[in-house]
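Working notes, beginning with the structure itself.
The values are calculated or read from the model by the stated rules, or taken from the named source; none is laboratory data. From a predicted model like this one, the values you see are computed outputs, not experimental measurements. We place every Cβ from the backbone using ideal geometry, glycine too, and count neighbours over all the protein chains shown.
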Amino acid sequence: MSRDATTAFARSLVDEWVRHGITDACVAPGSRSAPLALAFARDDRVRVHVHLDERSASFFALGLAKESGRPAILLCTSGTAAANFHPAVLEASHGRVPMIVCTADRPSELRDTGAGQTIDQQKLYGDATRWFHDPGVPTDRPSVAAQWRAMASRAVASAVARPAGPVHLNLPFAEPLVPTDEPLVEYDGRSDDRPWTARGHGTQAPSVEMLDALAHLVADTPRGLVVAGWGAGVRDTTVLRFAEAAGWPVLADPISGLRVPGTVSTYDPLLRSAAFADAQRPDVVLRVGGPLTSKVATQWMAAEVGQVIVDPDGAWLDPDHHASARMEADPELLLATLADAIDVPVDDAWMSAWRDADSAARTAIDVLVDGWDDPFDGRIARDVFAAVPGDGRLVVASSMPVRDVEGFAATRDRITVHANRGANGIDGFVSTVLGIAAASDGPTVALLGDLCFLHDVNGLLGAVERGVDATFVVVDNGGGGIFSFLPQADLPDEFELLFGTPQSVDVAAVATVYGIPVTEVESAGDLVPAVRAAVAARGVRVLRVRTDRHANVARHREVWRAVSDAIPR
């Protein structure tokens with residue numbers, strides 16, 4: 001008697017993934033993916049997010065995983081649909097975000113024959129995935145359910161194992177693609193809703209030798225710094241305990257989630273002062289997470305400064321090739337143990353110089369920018385960072401927003417900050433924000449530029465109906481603001497055409513087309529109340545703040561001069 005293997009295969013995967021704690025699936029419509037799409041839709045334990053644009057679906061899945069820590073399932077039909085997932089797969093790979101990518105495919109006999117929507121999908125994403133598997137067309141054979149469920153379990157384990165990242169399952173389906181009247185192949189899982197293959201979670205504990213080496217380093221090097229970048233993986237209280245015990249200041253990029261009171265918030269403008277940079281160069285840096293966003297700071301540390309990079313995954317996050325040591329360990333365990341173990345005399349003058357300079361710089365920045373009533377990109381970043389509610393999320397776009405938050409944001413109590421800093425692109429940002437909002441219990445606020453907003457405008461399709469709370473603060477400066485700070489700005493004949501790229505599209509009109517309300521923020525002082533009002537109103541909203549690209553460069557430089565003048569000599 002013939003049995004339906006295709007439907008059983010799809011349902012076994014979905015059931016197994018639910019047993020592993022997966023709650024969300026992002027589906028781009030298509031015919032060849034129907035078996036798995038129907039299995040998701042008919043399982044009320046899974047939230048199904050449908051996106052017409054595969055790129056939007058993939059970055060939405062990225063956002064879900066960033067916020068929840070769990071992989072979302074990403075599903076599309078065969079052909080170029082799968083290729084549209086590639087940018088998000090790359091970001092997930094470099095940013096260590098778990099994701100399970102399911103690309104439906106034609107059976108092998110239809111490949112390389114001119115069949116419609118058929119491309120070579122074998123290892124389509126290259127080395128960007130943690131695991132690739134093509135199980136072939138589902139068939140009725142002995143013990144097949146065990147194979148299906150083991151594959152589903154391995155996909156989860158591979159996605160969340162260190163370093164987390166994307167998994168690619170290429171799933172060929174033969175017609176019929178919808179359930180038949182035939183009985184299903186047996187696909188039962190283990191009893192008591194247990195996963196087929198459970199995975200134990202562990203930590204990368206530091207060795208005794210590692211702890212001893214770092215303890216001696218702290219004792220022998222009073223002029224040290226702790227630097228925290230994205231993916232730091234350590235609690236702020238632990239960092240501050242270690243810093244106090246060692247007598248080392250903490251330079252925390254806001255996207256590390258560690259820019260709390262007690263850390264240095266103004267290091268980027270401070271290090272633009274040659275006198276301060278020379279006087280306060282450390283002898284050693286202990287870095288957790290990725291490099292700082294600030295190019296000024298990373299170049300300053302690269303020159304004759306010993307850098308110890310702590311990373312639980314052993315990743316080689318050293319673009320300047322100046323690391324003197326790399327340690328594979330959980331930074332939380334490492335710093336917590338060291339904070340309790342070290343007892344060394346600290347250089348009070350070293351700590352005081354950083355604290356006094358930071359205080360003076362913060363005052364100089366705030367006094368100057370608060371005196372400008374027309375909106376300025378740096379103040380916008382500072383104020384948005386401060387305005388996000390304690391239970392909310394801030395998502396910062398690459399290009400100028402992430403740099404302005406780093407350069408201008410003050411310290412504040414714990415705040416969760418997300419950014420796509422794996423590959424540092426602006427693509428898919430709107431969809432990432434909406435995915436984060438869908439996984440979050442609190443409001444989500446995003447800071448982005450006009451080009452970033454327009455680049456992923458398809459992400460707004462259906463956003464109002466998704467039941468999420470997301471406020472987009474769009475800095476509309478009529479083009480690519482970051483290029484005005486680069487050497488390309490000195491090429492007047494080609495600059496606007498190739499780099500400034502001013503757009504005639506009205507950001508507010510675009511948002512309105514998608515049914516999203518827009519608030520125009522005319523005055524700098526109106527931004528924080530506008531953010532708070534948008535968050536309180538809930539739903540998806542856009543705040544547009546117009547700025548001038550040319551004035552923005554001049555004002556940044558004015559702030560840097562003011563900080564340099566304010567530093568205690």
Does Val402 fit the bill of being assigned by TED's automatic domain parsing to the domain that holds His556 and in contact (Cβ under 8 Å) with a residue 60 or more places away in the chain?
yes
Which one is modelled with the highest pLDDT, of the residues in segment 177-191 that are farther than 22 Å from Val18 by Cα and not hydroxyl-bearing (Ser, Thr, Tyr)?
Leu177
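Does any residue of segment 400-407 turn out to be assigned to a loop (DSSP other than H, G, I, E, B) and not basic (Lys, Arg)?
As a first pass, look at segment 400-407 and keep what is assigned to a loop (DSSP other than H, G, I, E, B): none.
Looking through segment 400-407, none of the residues is assigned to a loop (DSSP other than H, G, I, E, B) and not basic (Lys, Arg).
May I ask you to list the residues in segment 294-318 that are among the aromatic types (Phe, Trp, Tyr) and at pLDDT below 90? Spell out how you get there, then give the answer.
Step one: filter segment 294-318 for residues among the aromatic types (Phe, Trp, Tyr), giving 300, 316.
Trp316 - this is the single residue of segment 294-318 that is among the aromatic types (Phe, Trp, Tyr) and at pLDDT below 90.
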Here is a check on your reading of the model: is Gly422 at pLDDT below 95 and in contact with a Pro (Cβ under 8 Å, 6 or more places away or on another chain)?
no
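Those residues that are closer than 28 Å to Arg130 by Cβ and in a loop (DSSP other than H, G, I, E, B), I need them from segment 142-173; list them, please.
Our first condition is that a residue be closer than 28 Å to Arg130 by Cβ; within segment 142-173, this holds for 143-173.
Hits for segment 142-173 are Ser143, Ala161, Arg162, Pro163, Ala164, Gly165, Phe173.
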Residues being assigned to a loop (DSSP other than H, G, I, E, B), at pLDDT below 95 and either within 26 Å of the chain's Cα centre (by Cα) or not assigned by TED's automatic domain parsing to the domain that holds Phe385 (or both) - total across segment 498-531:
1
Given (1) buried (at least 22 other Cβ atoms within 10 Å of the Cβ); (2) over 27 Å from the mean Cα position of the chain (by Cα); (3) among the acidic types (Asp, Glu), Glu91 misses just (2)
Within segment 136-159, does at least one residue satisfy the condition of being in contact (Cβ under 8 Å) with a residue 60 or more places away in the chain, under 21 Å from the mean Cα position of the chain (by Cα) and buried (at least 16 other Cβ atoms within 10 Å of the Cβ)?
yes
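With segment 211-302 as the region, which helices (runs of 4 or more DSSP H) entirely inside it contain at least 3 residues that are more than 20 Å from Ala386 (Cβ to Cβ)? Spell out the reasoning first.
Values: elements: 236-246, 267-270, 274-279, 295-302.
Here the list reads 236-246, 274-279, 295-302.
Can you go through Asp441, Asp427, Asp413, Asp450 and tell me which one is within 13 Å of the chain's Cα centre (by Cα) and among the charged types (D, E, K, R)? Steps first, please.
Values: Asp441 fails: within 13 Å of the chain's Cα centre (by Cα); Asp413 fails: within 13 Å of the chain's Cα centre (by Cα); Asp450 fails: within 13 Å of the chain's Cα centre (by Cα).
Just one listed residue meets the conditions, Asp427.
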Flagged pairs (Cβ under 9 angstrom, 6 or more apart or on separate chains; first in segment 274-294, at positive phi and surrounded by 22 or more Cβ atoms within 10 Å (Cβ to Cβ); second in a helix (DSSP H, G or I) and among the β-branched types (Val, Ile, Thr)) are Gly289/Ile255
Subset of segment 413-440 (residues that are part of a loop (DSSP other than H, G, I, E, B) and farther than 14 Å from Val457 by Cα)
Asp413, Arg414, Ile415, Ala419, Asn420, Arg421, Gly422, Ala423, Asn424, Gly425, Ser440
Scanning for something surrounded by fewer than 22 Cβ atoms within 10 Å (Cβ to Cβ), β-branched (Val, Ile, Thr) and out of contact with any Ser or Thr (no Cβ under 8 Å at 6 or more places or on another chain), does segment 100-110 turn up at least one residue?
no
Scan segment 55-74 residue by residue and report those that are touching a Gly at 6+ places or on another chain (Cβ under 9 Å), buried (at least 24 other Cβ atoms within 10 Å of the Cβ) and within 20 Å of Glu465 (Cβ to Cβ).
Ser56, Ser58, Phe59, Phe60, Ala61, Gly63, Leu64, Ala72
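Any idea which of Arg541, Arg555 is surrounded by 15 or more Cβ atoms within 10 Å (Cβ to Cβ), closer than 20 Å to Pro375 by Cα and under 27 Å from the mean Cα position of the chain (by Cα)? Working first, answer last.
Numbers: Arg555 fails: under 27 Å from the mean Cα position of the chain (by Cα).
Testing whether each residue is surrounded by 15 or more Cβ atoms within 10 Å (Cβ to Cβ), closer than 20 Å to Pro375 by Cα and under 27 Å from the mean Cα position of the chain (by Cα) leaves just Arg541.
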